[in-house]
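The values are calculated or read from the model by the stated rules, or taken from the named source; none is laboratory data. Everything numeric here is computed off the predicted structure, so don't read it as measured data. No Cβ is skipped: glycine too gets one built from the backbone with ideal geometry, and neighbour counts run over all protein chains shown. Ligands, DNA and RNA are excluded from the accessible area calculation, which covers all protein heavy atoms including side chains. Shrake-Rupley method; radii C 1.70, N 1.55, O 1.52, S 1.80 Å.
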Amino acid sequence: IGPQVDSVLRGEGILVEDLFFEKRHTTSHRETYWTYSYTPMRNPQGVIRGIFVVCTDTTDAVLARNRVVEQKQRLADLFEQAPAFFAVLRGPEHIFELTNRSYQELIGNRDIIGKSLQEALPEAVTQGFVDLLDQVYRSGKPYIGHATPVELYRSSHSSTEIRYLDFIYQPMREADGSISSILVFGVDVTEGRRATQMLLQSEKLTAVGQMASTIAHEINNPLEAVTNLLYLARESALLPEVQSYIATAEEELKRVSAIASQTLRFHRQLTRASLIESEALFESSLTVYTRRIANSSVKVVKGPYSKRTLLCYEGEIRQVLNNLIGNAIDAMATGGTLFLRSHEVTDWRNGSRGIRLTVADNGSGISPQALSHIFEPFFTTKGAVGTGLGLWVTREIIERHKGRIRVWSSQAPHRHGTVFTIFLPFDGITD
């Protein structure tokens, strides 16, 4: 206070606002704030003869003001950290006045404050959101959108991403009832929608598996009866030509039985792993396609094969190879070469040892667009004859074995075809 008194004595008036003091008592203490006014007192000749000091207790006003500041800061923190996006669009031009972190993350952290919606988010114009805001501004009625697909620009507008949003456009009114701004409030429900879609796909797969199991079981029953009848006919005294026909019919029935067994494996899960060589896996899978390979003029190049046994769920790996071989034959409708081989390798990502199975063809190849979706359930390029389940199930089986499946494909005129490789670690399954 000393320097301030000196200034007053030189003729300067001083106001010290909200000076803090801590009042201490024997049992308690409280904070107080005071405002001091120092005014020089002059005699008729204008000489300063003293100082007039006015002290005002401003504790209540300061504490009230501090509470307002704290509440505003708390509201700002809640606004910023809320797990929902929020924005304020001012006036009929829809100028961005305020946004929170969630909204900025949603739009890719673009600089939008002070810009109109058309300027800041041009994709909003083509999707009709400006028209919706205009409607809310004119009518004064809020708009609610449920799981609305919104296409947002990403990385310098070079790509887009679809997000699904639940949101509300709420008009904000002034004291006279006029609309000054529109509040945008909502949540991103993209992940929830994807989870719902996956649940629906899972339910479809369960239904398909149950249906496949039922059909295969129903097919097996009459197959057994026909097989027995053919056996009795072959043992009877028939012409050699008829015996030949019966033998061919028996072979075809065996093929149908093998296909029915593969269908059953789609639904049934094996509980014990077994040791088997890769050559045996390939050979058993080829058996099912013997006639198709011959009719399609496909040449099969076998080996070399690794001689080391692999611990796996044999039926599941056969199912994988059946699917890959069947797809390869489909891709070579006018003929071609199917390559099957296996060898021991090291996965350099983690150092684990295992066997790499290769199924390759020089067929028509897979387009880049289709290649990015081939492991998705119900995606197929075969039209009505395809289920879109084969490669999806294949990847699930390989991942269950802690393995990895990769694919390369080309549709170039002089270098076309597809290569699938499967890495199965020796320690992927423990029995």
Give me the dipole magnitude in Debye, nearest 20, for region 79-186 about the Cα centre, with unit charges on the beta carbon: positive for Lys and Arg, negative for Asp and Glu.
100 debye
Once all protein chains are kept in place, Met198 shows an accessible area at probe 1.4 Å, nearest 10 Å², of 100 Å²
Per the 1/(1 + (r/R0)^6) rule, R0 = 22 Å and r from the Cβ atoms of Gln127 and Arg101, FRET efficiency to 0.05 is 0.40
Using a 1.4 Å probe, how large is the accessible area of Asp176, given in Å² and rounded to the nearest 10?
120 Å²
Among Thr337, Leu275, Gln319 the positive-end extreme of the charge dipole of region 274-344 (Cβ point charges):
Thr337
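Enter the accessible area per residue of region 30-126 (Å², integer; probe 1.4 Å; all protein chains in place).
On a per-residue basis, region 30-126 sits at 61 Å².
For Thr287 and Gln170, what is the calculated FRET efficiency with R₀ set at 56 Å and r taken between the beta-carbons, to the nearest 0.05? The partial results should precede the final answer.
Values: r = 67 Å, r/R0 = 1.20.
The calculated FRET efficiency here is 0.25.
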List the pairs from Lys254/Lys302; Lys72/Lys115; Lys299/Lys402; Lys254/Lys402; Lys382/Lys402 whose alpha-carbon separation is above 27 Å, in the order I gave them.
Lys299/Lys402; Lys254/Lys402; Lys382/Lys402
Obtain the nm distance between the two label points defined at Leu9 and Gln411 by a simple spin-label model: each point lies 7 Å from its Cα along the Cα-to-C-beta direction.
9.7 nm
Between the modelled labels at Phe426 and Met198 (7 Å from Cα along Cα→Cβ) the distance in nm is 3.4 nm
Roughly what would the spin-label model give for Leu232 and Lys72, points 7 Å off Cα along C-beta, in nm?
9.8 nm
At 1.4 Å probe size, with the rest of the protein present, what percent of the exposed accessible area of region 273-376 is carbon and sulfur atoms?
52 percent
Of Phe378, Gly354, Trp408, which is farthest towards the positive pole of region 345-431's charge dipole, taken about the Cα centre with +1 and -1 on the beta-carbons of Lys, Arg and Asp, Glu respectively?
Trp408
